[in-house]
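So the structure is just underneath, and the comments pick up after that.
Any read-out appearing in this document is the output of simple, stated calculations on the displayed coordinates, not a laboratory observation. Just so it is clear, the structure is predicted and the values come from calculations on it, not from any experiment. Cβ: placed from backbone, ideal geometry, glycine included. Neighbour counts: every protein chain shown.
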Amino acid sequence: MEEFLKLKPDHRAILTSSPEAFSAIKGLLQTTGYETVYNVERIGEQKTGMATFACKHPMTGDCLAIIYGISASDEPSHAQAPFDFGIGGKKAKAMHAYTQHFAMRTNNIESLRGHLESRGAKFLTPIFNSADQFGPLKQCFSRELLDDEWFFIELTQRDYDSSRIGKEKGTAFSDETVRALYNTKQAEFRDWLKTQKKTKMFESDDKTKSEMRRLLEGLEPKGFEKLVKPLARIVVNG
Ligand SMILES: [Fe+2]
């Protein structure tokens, strides 16, 4: 297998339904050993934005970004979409958290993206070439995978020893990239609000399933995708 196809989980981004849910989940993580690696009260556009708290467990290496979408009176934030519009065609009253995206880390993001594009994958953003407090950080974000969910994947390349994150103090994300993702995503969502139509990562659900299964063959630890509910729906249960 080519080196760039060997992937590691980098982080999972979890949307929360309210400031209360956001604070409760943040509190749980802070009290169970997770170290803060990113924290902004509001980032985004003038109109809508999000609060983001990212943290990493120094022993397990698990990294989570917790997000609360801040809507405007006349426009919801895309980060509220699962709670405002539901998933799987229905709204769940008691849903307070939703896995919005799963970031997988590669040693060569250009090669991985090119490989996926040659197989028909569509990306929402270019490759953002930035840095965090540990070193160079490149990230790009796919189109959503399903019509009735809000889930997408992220590709990440960190040109430093990522095991330092959470063990040493420092920010592991870039404001510039977080803001660019938020704003691009909100523009995409604004189109969806008008048309109820999406451009998806792959053209059909069958193709999504086969391509994601193929990509996940390179992911270690094996079976991690089962911990990412919308992805498990595609590749495990689907
Ligand atoms: Fe992310």
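Take peptides 100-108, 127-135, 53-61, 219-227 and line them up by average Cβ neighbours within 10 Å, highest first, as a rough protection proxy.
Most protected by this proxy first, the peptides run 100-108, 53-61, 127-135, 219-227.
Given springs between every Cα pair under 10 Å in a Gaussian network model of the chain, which of Q46, Q157, Q186 has the largest fluctuation?
It is Q46.
Among H115, H78, which comes first, second and so on when ranked by fewest other beta-carbon atoms within 10 Å?
Ordered from fewest to most neighbouring Cβ atoms within 10 Å, H115, H78 come out as H115, H78.
Roughly what % of Cα-Cα distances in region 121-205 sit above 17 Å, to the whole percent?
Working: 1901 of 3570 pairs.
More than 17 Å apart: 53 percent of the Cα pairs in region 121-205.
Which ordering of R213, R42, R113 is given by a fewest-first count of other beta-carbon atoms within 10 Å?
Ascending number of Cβ neighbours within 10 Å: R42, R213, R113.
At a Förster radius of 41 Å, what calculated FRET efficiency corresponds to the Cβ-Cβ distance of K6 and K197, to the nearest 0.05?
Step by step, r from the Cβ atoms, then E = 0.70.
For K90 paired with A24, estimate the spin-label separation in nm (one decimal), with each label point 7 Å from Cα along the Cα-to-Cβ line.
In this crude spin-label approximation the distance works out to 2.2 nm.
Starting from region 134-187, pick out the trypsin sites (Lys or Arg not before Pro) whose DSSP state is loop and whose Cβ has at most 15 other Cβ atoms within 10 Å.
When the trypsin sites (Lys or Arg not before Pro) of region 134-187 are filtered for loop state and at most 15 Cβ neighbours within 10 Å, K167, K169 remain.
Could you tell me the relative contact order of region 51-176? Use alpha-carbon pairs under 8 Å, at least six residues apart, and round to a whole percent.
Across region 51-176, relative contact order equals 24 percent.
T60 to S111: extension gain in nm, 0.36 nm per residue of separation minus the Cα-Cα distance? Walk me through the numbers before you get to the answer.
On the way: separation 51, 0.36 × 51 = 18.36 nm, distance 2.86 nm.
Answer, rounded to one decimal: 15.5 nm.
Quickly work out the E220-to-T31 label distance, labels modelled 7 Å from Cα along the C-beta direction, and quote it in nm with one decimal.
Distance between label points: 3.7 nm.
In a solvent-free Debye calculation with one equal scatterer on each Cα, what is log10 I(q)/I(0) for the chain at q = 0.07, 0.10, 0.15 Å⁻¹, listed in the order of the q values?
Treating every Cα as an identical point scatterer, log10 I(q)/I(0) equals -0.21, -0.43, -1.06.
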